[in-house]
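Undergrad: Questions regarding the structure given below will be posed in turn.
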């Protein structure tokens, strides 16, 4: 009898909690924007907007007045958004969509944080074509730069040990076995042949080479092995050890953001960078950080208020500079002054490169940081 009562209680509890246990995975906004309400009714208060490619995790679904609504929570508050406009309507949210946020642009800038490169692309009939690439620096703490001693012999082996450590072995022959035997526990070995001007990457599994052909590179090409980015130049291996390449999330974290931005303003006289010929101050490019996606994360994780979220997204929707007085941080720019990782979160170029970049871009140019 007790078992029957307990089973009945469990069944009733399951029925009561079933609507709240709804889980549909992450959904993405597929239209330009969608309105978020405080109740599952079009006449209810509008709280904020979600924009194309933003993501939510639904907690409950409800059909009402020919509309399908989903509920999601932010720090204990419940919000409602239309998933689709009727059974045959256009889906406003979807889990199977890929969106290019620079798709409508004629020119874009792509900054690769791992490689420390900035590339200007122009749209052609056949797709995006790279015009120019520059080396850049990021915020302090983004990684560690190092170089080996000058290599004088015909063959050299760079052992990447992991945890930011490495070792260099020089030799007069191409006996890779010696280097591999000393790479116990390491991540990879890069073999340099100065006679053929090639590099061979031997990726290791638990510190061991499992055979097969190594991946080959020519002089000047970038070799990526885990957190290591390696180039051979001027008789030395130049190494970037990538650590803490996390996106900027708040004021004072000294990190470079990630996402799609636009050049919101051009500062004609920057504090960083001088024209190599005239010594006049170079302009800098003020990016639209925080963007709507930064603001969305800031709202969900309690960094900013709903009021700040609405201020930021409203400005971005109008292609204006977003507020620079929120806890998300501010003043993210592309500027001159040298391409080491020395900034507080900006992207820095050598002065000559910055001058060249200014010839390629203008206000509202799309800038993707990844």
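Undergrad: Give the range 176-191 a look and list any residue that's loosely packed, with under 13 Cβ neighbours inside 10 Å and outside any helix (DSSP H, G or I), or say none.
TA: Result: 184, 185.
Undergrad: Go through the range 311-324 and report how many residues are closer than 18 Å to residue 249 by Cα, touching a helix residue (DSSP H, G or I) at 6+ places or on another chain (Cβ under 9 Å) and surrounded by fewer than 19 Cβ atoms within 10 Å (Cβ to Cβ). If you could, list the steps in order and put the result at the bottom.
TA: Here is the first cut: in the range 311-324, the residues closer than 18 Å to residue 249 by Cα are 311-313, 316, 321-324.
Imposing the further condition that a residue be touching a helix residue (DSSP H, G or I) at 6+ places or on another chain (Cβ under 9 Å) reduces the set to 311-313, 316, 321-323.
Subsequent filtering for residues that are surrounded by fewer than 19 Cβ atoms within 10 Å (Cβ to Cβ) retains 311, 321, 323.
Total satisfying the criteria: 3.
Undergrad: Another question about this same structure. Being over 23 Å from the mean Cα position of the chain (by Cα), assigned to a loop (DSSP other than H, G, I, E, B) and over 16 Å from residue 265 (Cα atoms) is the filter here; which residues of the range 304-324 pass it?
TA: 305 - this is the single residue of the range 304-324 that is over 23 Å from the mean Cα position of the chain (by Cα), assigned to a loop (DSSP other than H, G, I, E, B) and over 16 Å from residue 265 (Cα atoms).
Undergrad: Kindly indicate the residue of the range 216-233 that is assigned to a loop (DSSP other than H, G, I, E, B) and under 26 Å from the mean Cα position of the chain (by Cα) and also surrounded by the fewest Cβ atoms within 10 Å (Cβ to Cβ) among those meeting that condition. Explain how you work it out, then say what you get.
TA: The first filter runs over the range 216-233 and keeps only residues assigned to a loop (DSSP other than H, G, I, E, B), leaving 219-222, 226-227.
This time we only want the ones that are under 26 Å from the mean Cα position of the chain (by Cα), so: 220-222, 226-227.
Details: 220: 10, 221: 12, 222: 16, 226: 12, 227: 18.
Checked the range 216-233; the qualifying residue surrounded by the fewest Cβ atoms within 10 Å (Cβ to Cβ) is 220.
Undergrad: Considering (1) under 26 Å from the mean Cα position of the chain (by Cα); (2) not assigned by TED's automatic domain parsing to the domain that holds residue 356, say which one residue 157 fails and leave the rest.
TA: Only one criterion is unmet by residue 157, namely (1).
Undergrad: Can you pull out the residues in the range 90-106 that are touching a residue at least 40 places away in the same chain (Cβ under 8 Å) and part of a loop (DSSP other than H, G, I, E, B)?
TA: The first filter runs over the range 90-106 and keeps only residues touching a residue at least 40 places away in the same chain (Cβ under 8 Å), leaving 90-95, 97, 99, 101-102, 105.
90, 92, 95, 97, 99, 101, 102, 105, listed by residue number.
Undergrad: What single numbered condition from (1) under 30 Å from residue 333 (Cα atoms); (2) surrounded by fewer than 18 Cβ atoms within 10 Å (Cβ to Cβ) fails to hold for residue 171?
TA: For residue 171, the exception is condition (1).
Undergrad: Could you go through the range 192-205 and let me know if any residue there is in a loop (DSSP other than H, G, I, E, B) and at pLDDT below 85. Steps first, answer last, please.
TA: Pass one, the range 192-205, residues in a loop (DSSP other than H, G, I, E, B): 194-197, 204.
Remaining after also requiring at pLDDT below 85: none.
Within the range 192-205 (the criterion being in a loop (DSSP other than H, G, I, E, B) and at pLDDT below 85), the answer is no, since none of the residues qualifies.
Undergrad: Can you tell me which residue within the range 234-252, out of those that are surrounded by 16 or more Cβ atoms within 10 Å (Cβ to Cβ) and under 17 Å from the mean Cα position of the chain (by Cα), is farthest from residue 299 (Cα to Cα)?
TA: My answer is 242.
Undergrad: Take the residues in the range 108-130 that are touching a residue at least 24 places away in the same chain (Cβ under 8 Å) and not in a loop (DSSP other than H, G, I, E, B); name whichever of them is farthest from the chain's Cα centre (by Cα).
TA: At the first step, the residues of the range 108-130 found to be touching a residue at least 24 places away in the same chain (Cβ under 8 Å) are 108-116, 118, 120.
Filter once more, keeping what is not in a loop (DSSP other than H, G, I, E, B): 108-112, 118, 120.
On the way: 108: 16, 109: 14, 110: 11, 111: 9, 112: 8, 118: 13, 120: 17 Å.
Within the range 108-130, the match that is farthest from the chain's Cα centre (by Cα) is 120.
Undergrad: Take the conditions assigned by TED's automatic domain parsing to the domain that holds residue 345, touching a helix residue (DSSP H, G or I) at 6+ places or on another chain (Cβ under 8 Å) and buried (at least 16 other Cβ atoms within 10 Å of the Cβ) and apply them to residue 292. Does it pass? Quick ask: steps written out before the conclusion?
TA: Values: assigned by TED's automatic domain parsing to the domain that holds residue 345: yes; touching a helix residue (DSSP H, G or I) at 6+ places or on another chain (Cβ under 8 Å): yes; buried (at least 16 other Cβ atoms within 10 Å of the Cβ): yes.
For residue 292, the condition - assigned by TED's automatic domain parsing to the domain that holds residue 345, touching a helix residue (DSSP H, G or I) at 6+ places or on another chain (Cβ under 8 Å) and buried (at least 16 other Cβ atoms within 10 Å of the Cβ) - is met.
The values are calculated or read from the model by the stated rules, or taken from the named source; none is laboratory data. Nothing here was measured: the structure is a model prediction, and the numbers come from that model. Glycine gets a Cβ as well: all are built from the backbone with ideal geometry, and neighbour counts include every protein chain shown.
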